[in-house]
Amino acid sequence: MSTFERPDYAWRETYFVLFKSAQRPSLERVRAALSDLGEHFELSNSIADEEGNLAFMTLIAPDDFSALDVSYLEGDEVRDQCQEWADEWDKQMETAEDHERLKFMQACDARFDLLHFEYVGEQSEESDDLLDPGALLIVLNALARLTDGIGIDPQAGEFY
């Protein structure tokens, strides 16, 4: 079940991890990488494809008042989107490192979509509970390392 179907969560933003499809990790490798991060996350609804690779998972981060849906996509749609972003961001990239990332991005044919949700259920008026982007960034970086990929915030045109 996607977090979109849970009334106590509201979608806030989507980040991506771009990589080459040959680097797609198995569901077990992703679980192991996330368990190395401690007990910060509750894993639910994980789905693997017929080869055991991650297709979809939901992570709940109660301390951050957030949840993440992570899904896999590959092929022409990913390549086309990467080219569009590269064309759009090329002029605003200032460093040689950023231009190398753009070049790498254009070679990617796979991605993980990280849909970030905020917990909006049963919060008291006195509560200081706020959405913390920590869970999103932790998972983004873990998946980027696991796939030898790069994380991006497409709204800001930033690399992670």
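The values are calculated or read from the model by the stated rules, or taken from the named source; none is laboratory data. Source: prediction; values computed, not measured. FYI the Cβ positions are ideal-geometry reconstructions off the backbone, even for glycines, and counts take in every protein chain you see.
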What are the residue pairs meeting all of these: first residue in region 22-39, first residue closer than 18 Å to residue 109 by Cβ and touching a residue at least 60 places away in the same chain (Cβ under 8 Å), second residue outside any helix (DSSP H, G or I) and not charged (D, E, K, R), Cβ atoms under 8 Å, and 6 or more apart or on different chains? 23/110; 23/149; 24/53; 24/54; 24/72; 24/110; 25/53; 25/54
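Per-residue answers, yes or no, for (1) farther than 17 Å from residue 145 by Cβ; (2) within 16 Å of the chain's Cα centre (by Cα); (3) at pLDDT 95 or above:
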position	(1), (2), (3)
31	no, yes, no
35	no, no, no
86	yes, no, no
108	no, yes, yes
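Which residue, of 4, 56, is under 16 Å from the mean Cα position of the chain (by Cα) and either under 19 Å from residue 149 (Cβ atoms) or at pLDDT 95 or above (or both)?
On the way: 4 fails: either under 19 Å from residue 149 (Cβ atoms) or at pLDDT 95 or above (or both).
None of the other options fit; the residue is 56.
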Test: residue in region 86-104 that is touching a Phe, Trp or Tyr at 6+ places or on another chain (Cβ under 7 Å), under 25 Å from residue 29 (Cβ atoms) and not aromatic (Phe, Trp, Tyr): yes
Kindly indicate whether residue 151 is surrounded by 16 or more Cβ atoms within 10 Å (Cβ to Cβ), outside any helix (DSSP H, G or I) and of a type in the set (Gly, Ala, Ser). yes
Going through region 1-57 one residue at a time, which ones are in a loop (DSSP other than H, G, I, E, B) and either among the charged types (D, E, K, R) or closer than 14 Å to residue 114 by Cα (or both)? 2, 6, 8, 20, 24, 36, 39, 49, 50, 51
Condition first: more than 15 Å from residue 136 (Cβ to Cβ) and either surrounded by 12 or more Cβ atoms within 10 Å (Cβ to Cβ) or β-branched (Val, Ile, Thr) (or both). Now tell me which residues in region 37-63 satisfy that. 43, 44, 45, 46, 47, 48, 49, 52, 53, 54, 55, 56
Mind counting the residues in region 64-78 that are surrounded by fewer than 21 Cβ atoms within 10 Å (Cβ to Cβ), outside any helix (DSSP H, G or I), hydrophobic (A, V, I, L, M, F, W, C) and modelled with pLDDT of 95 or more? 1
Restricting attention to region 7-20, and to residues there that are buried (at least 16 other Cβ atoms within 10 Å of the Cβ) and not aromatic (Phe, Trp, Tyr), which single residue is modelled with the lowest pLDDT? 13
